[in-house]
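Single-structure report; data block below.
The values are calculated or read from the model by the stated rules, or taken from the named source; none is laboratory data. Quick caveat, the model's predicted, so the values are computed rather than measured. Here Cβ is always computed from backbone atoms with ideal geometry, including for glycine, and neighbour counts include all displayed protein chains.
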Amino acid sequence: MTLNELAYQTVEAVRPEMHDDDIIDLRLIKELIHNQRSIWIRQELNKNRSIPEELIQDLGCVELEEASAAECCDFSSECKVLRTKNKVPKPINLHHRDAFERVGPADLSKKPFSFKSYKNALFFGNGRFNRDMIVAYYLNERIYLASKSPLPNLMQYINIRVIASDPTEAAKFNHCSGDPCYSDDMEYPLTDWMWGYMKEFVVKQLLMKYQLPTDTTNDASHTQQMSAPPANNA
């Protein structure tokens, strides 16, 4: 289902509990769905369970740019580091890693790069068998590529597959066809069974949000309070 469909399902579930003149903010519902999705995915994947394909978003061909010298000096004084030109969607943070499921060449038939934390990436390539390999790491909302050997001069694009904390951030990227990688009318990255459990929590949170104090604007007591003269300080 799409995010719009999930949001309208939630509206139908809470409508009987609302006042006739209550206006339900769809943006709030969508935010609650994003938050619950992150919680449920984190709980499931931290149990080392297999990752359903439905949760992963493919960002297509992601453009690269050369990073400034100041950003690559941790690797070596003469190194060349590439990074994604645009910020990538923030991944769901699991116990031992960020939820990037593939960072590799734009050609999906080729092997992905070694993905490490920034701290571990600094020491990657010191071995006999990985000196010529490319390491990828996530820093400051971008993916960086580095290697102890010179990086390919013609590398302009990479492919990124991620389980994003906010799936709507993928809308900044396009597939090779030119279509956006995400819209609220596209399939939302969530399994049906997760939504079956999540929906109850989203509805409860929404009802709690709308439990506002009784409106007493027109009550006599309120009118009297508002029209009372100021205290005499003499």
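I'd like to verify a number: residues in the range 105-145 that are small (Gly, Ala, Ser), in contact with a strand residue (DSSP E or B) (Cβ under 6 Å, 6 or more places away or on another chain) and at pLDDT 85 or above, how many? Before the answer, list the steps.
Residues of the range 105-145 that are small (Gly, Ala, Ser), as a first pass: 106, 109, 114, 117, 121, 125, 127, 136.
Pick out the ones that are also in contact with a strand residue (DSSP E or B) (Cβ under 6 Å, 6 or more places away or on another chain) and you get 106, 114, 121, 136.
Within this subset, residues satisfying the condition of being at pLDDT 85 or above are 106, 114, 136.
Residues in the range 105-145 being small (Gly, Ala, Ser), in contact with a strand residue (DSSP E or B) (Cβ under 6 Å, 6 or more places away or on another chain) and at pLDDT 85 or above: 3 in total.
Sort out which residues of the range 152-195 are touching a Phe, Trp or Tyr at 6+ places or on another chain (Cβ under 7 Å) and assigned to a loop (DSSP other than H, G, I, E, B), and write them in order of number.
Cys181
Kindly indicate whether any position in the range 175-186 is under 24 Å from Leu45 (Cα atoms) and aromatic (Phe, Trp, Tyr).
yes
So which of Val88, Val103 ends up being surrounded by 19 or more Cβ atoms within 10 Å (Cβ to Cβ) and in a loop (DSSP other than H, G, I, E, B)? Please lay out each step first, then the result.
Values: Val103 fails: in a loop (DSSP other than H, G, I, E, B).
Testing whether each residue is surrounded by 19 or more Cβ atoms within 10 Å (Cβ to Cβ) and in a loop (DSSP other than H, G, I, E, B) leaves just Val88.
In the range 33-59, what residues are of a type in the set (Val, Ile, Thr), at pLDDT 95 or above and not in a helix (DSSP H, G or I)?
Ile56 - this is the single residue of the range 33-59 that is of a type in the set (Val, Ile, Thr), at pLDDT 95 or above and not in a helix (DSSP H, G or I).
From the list Asp98, Asp179, which residue is free of Cβ contacts under 8 Å to residues at least 24 places away in the same chain, of a type in the set (Asp, Glu) and not assigned by TED's automatic domain parsing to the domain that holds Ala13?
On the way: Asp98 fails: free of Cβ contacts under 8 Å to residues at least 24 places away in the same chain.
Only one candidate qualifies: Asp179.
Can you find, within the range 60-84, the residue that is nearest to His175 (Cα to Cα) among those that are at pLDDT below 90 and of a type in the set (Asp, Glu)?
Checked the range 60-84; the qualifying residue nearest to His175 (Cα to Cα) is Glu66.
Looking at the structure I just gave you, is Ser149 among the small types (Gly, Ala, Ser) and at pLDDT below 95? Write out each step before concluding.
Working: among the small types (Gly, Ala, Ser): yes; at pLDDT below 95: yes.
So Ser149 fits the description; yes.
Applying the selection to the range 171-188, what residues are hydroxyl-bearing (Ser, Thr, Tyr), under 16 Å from Gly60 (Cα atoms) and surrounded by 12 or more Cβ atoms within 10 Å (Cβ to Cβ)?
Keep residues of the range 171-188 that are hydroxyl-bearing (Ser, Thr, Tyr), which gives 177, 182-183, 188.
Okay, now just the ones that are also under 16 Å from Gly60 (Cα atoms), so 177, 182-183.
Residues satisfying the conditions are Tyr182, Ser183.
Tally up the residues in the range 193-208 that are surrounded by 12 or more Cβ atoms within 10 Å (Cβ to Cβ) and out of contact with any Leu (no Cβ under 7 Å at 6 or more places or on another chain), please.
Just the residues of the range 193-208 that are surrounded by 12 or more Cβ atoms within 10 Å (Cβ to Cβ), to begin with: 194-195, 198-199, 201-207.
Cutting the leftovers down to out of contact with any Leu (no Cβ under 7 Å at 6 or more places or on another chain) gives us 194, 198-199, 201, 203-204, 207.
Total meeting the criteria: 7.
Run Thr168 past the list (1) surrounded by fewer than 17 Cβ atoms within 10 Å (Cβ to Cβ); (2) modelled with pLDDT of 90 or more; (3) among the hydroxyl-bearing types (Ser, Thr, Tyr); (4) over 26 Å from Ser50 (Cα atoms) and report the number of the one that doesn't hold.
With respect to (1) surrounded by fewer than 17 Cβ atoms within 10 Å (Cβ to Cβ); (2) modelled with pLDDT of 90 or more; (3) among the hydroxyl-bearing types (Ser, Thr, Tyr); (4) over 26 Å from Ser50 (Cα atoms), Thr168 is out only on (4).
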